Every structure is written in C-alpha cells, then in structure tokens.
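Notes follow the structure.
Readers should treat all values here as calculations from the given coordinates under stated rules, not as data from a laboratory. Quantities reported herein were computed from a predicted structural model and do not represent experimental measurements. Using ideal geometry, Cβ is built from the backbone for each residue, glycine included, and neighbour counts are taken over all protein chains shown.
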Amino acid sequence: MVYRYTLIGGLLVIVSGCTLTSQHQHKETLNTIHSTATHVHEQQTATQDQLKAHDKTLIVLTDEMRQLADKLNVMQRTQAKMYANFANPKPEVKIQEKVVRVPVNNDKVVLGGREWVWFDEVKSTFQSRVDTGAATSSLNAVDIQEFERDGDTWVKFNVNHSENNDQPVFMEMPVKRWVLIRQSSTDKTDRRPVVEAWIRVGNIHEKTEFTLADRTNMEYPVLLGRSFFKDLAVVDVSQVHIHPQYQPDTPPEPSNDDRQPPSASKE
C-alpha cells in the first residue's frame, strides 16, 4: 500500500511539472506574438506617414508644373505676337510738325532775362529778374515795420540786399492791400503787404505793384512779373541787360507810353 501511494504521488508530481512547463511556454509564445504585432503596426504607421509625405510632395510638384506650364503658354503667345509684328510691320506714320509763330508788336519794348530797375522812391538802381512765369512783382523787404499815417496803414522796410554791400536802403510806402502766400516747403501761410512804386526800365516808366518778401537768400532783390510788362514789353530770355542803368541826369529815351509820376514821389 505504501508503495502504491508513493507511485501515485510521483505521477502527480510529474504531471504537475509538465503542466507548469506548458503554461510558461504558452506565455512566452503570447509575448512573442504581441511584440511582433506591435512592431508590424509601427512599421505600418511609418509606411503610411511616408506615403502621406510623398502625396504632399507630389501635390506641390504638380502645382509647380501647372504654374510653369501657364508661364510657358504666356511666353509662347507673346513670342507669337512679336513674330507677327515682325512679319507684318506697321506702316510708319510721319507727323507733320506744326510751327507756331507769335507775332511781335514792333511798338513793344524787348526786355532781357535780367534788367536794371530804377526806383523813384529811393533814387537807386537794383538788378532784377524778369520772370514771365510770375503773375506779380516782388521786392526784397526785411525788418518790416507797420504804422499808421493819416488813417492809412503804412510800412517801413529795408530793401537791403547782398549786392548793396550791406548798406541799408529804407522805403516808406502805404499798403495797398494784403495777400496770403502759402509756402510749399513748410505749408505755412504768410500775410504779406502789397505796395505800389514808380520804377523805370529803359524807356518804360510805370507805377506797378510789388509784394514785399524777404529775398536776401535769392540772387536778385527784385522780381518783375507779368503785371508790370504786360502789354508793354516782350521778354527775350536769351539776353540780359538790354537796357543800361538809368541815370537821373540823363533824359530818358522818348516813348509814346512814357507816363510821369505825380509831383510828389512819396505817397
């Protein structure tokens, strides 16, 4: 009996050992299968990402090829038009130039681009620029002082300019009117007085308006505009100082339109 129990116990141990060994091998097999499946899934995911990247690159290349094809079509059409123009040149059209000649009145005085101007007010001569583009004349004036005389507004100013060797030349004149001048460089508006003065250029002796302005930084103290020489003179900008400086002791040249100022030169 003891032998039988011993034999049965040994068989149970052997069977139990075989069962444990089989479970361990099964577990290792499952781990191997899981690891292999995970690796295959990772490879599949990487392959899909690569395919998506290739698809995007293909789309970009396709768009670039389409744009290049459009540019090529434009170049081909332009080239075809150029060849067509060369093959069929347009007839040359000659435009006949129209020469316009402005009649010159022989009674008018010819002024140069620069002239000497005599001012009766101060009995002095100044060099002026004759400007056909300016509507009104301008006179250099610094240190302008406004005052009242006999109920009218007057101004006293210095006509000093660099050509006068810094010697002051003062004028006193009534203000005829005021004008607003807008400076293009600063966009500011200046209120400037307008005066009248008797001047002489050659045999022209006229009373004309001057806008007072600081012209010390300009080349000439006087600018003669169209309001002075309109209907009296024509301007030849290729010449300068056609008329000599006026000398008060020398009688002026006779002129049909030479009008003398009133007996009192100061107003």
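If I filter segment 176-187 for residues that are over 30 Å from residue 236 (Cα atoms), in contact (Cβ under 8 Å) with a residue 40 or more places away in the chain and within 33 Å of the chain's Cα centre (by Cα), do I get at least one hit?
No, there is no match, as no residue in segment 176-187 is over 30 Å from residue 236 (Cα atoms), in contact (Cβ under 8 Å) with a residue 40 or more places away in the chain and within 33 Å of the chain's Cα centre (by Cα).
Which count do you get for residues in segment 200-254 that are part of a loop (DSSP other than H, G, I, E, B) and of a type outside the set (D, E, K, R)? Outline the logic, then answer.
Within segment 200-254, the subset part of a loop (DSSP other than H, G, I, E, B) is 202-203, 214-221, 225, 230-232, 237-254.
Applying the additional criterion that residues be of a type outside the set (D, E, K, R) yields 202-203, 216-218, 220-221, 225, 232, 237-248, 250-252, 254.
Residues in segment 200-254 being part of a loop (DSSP other than H, G, I, E, B) and of a type outside the set (D, E, K, R): 25 in total.
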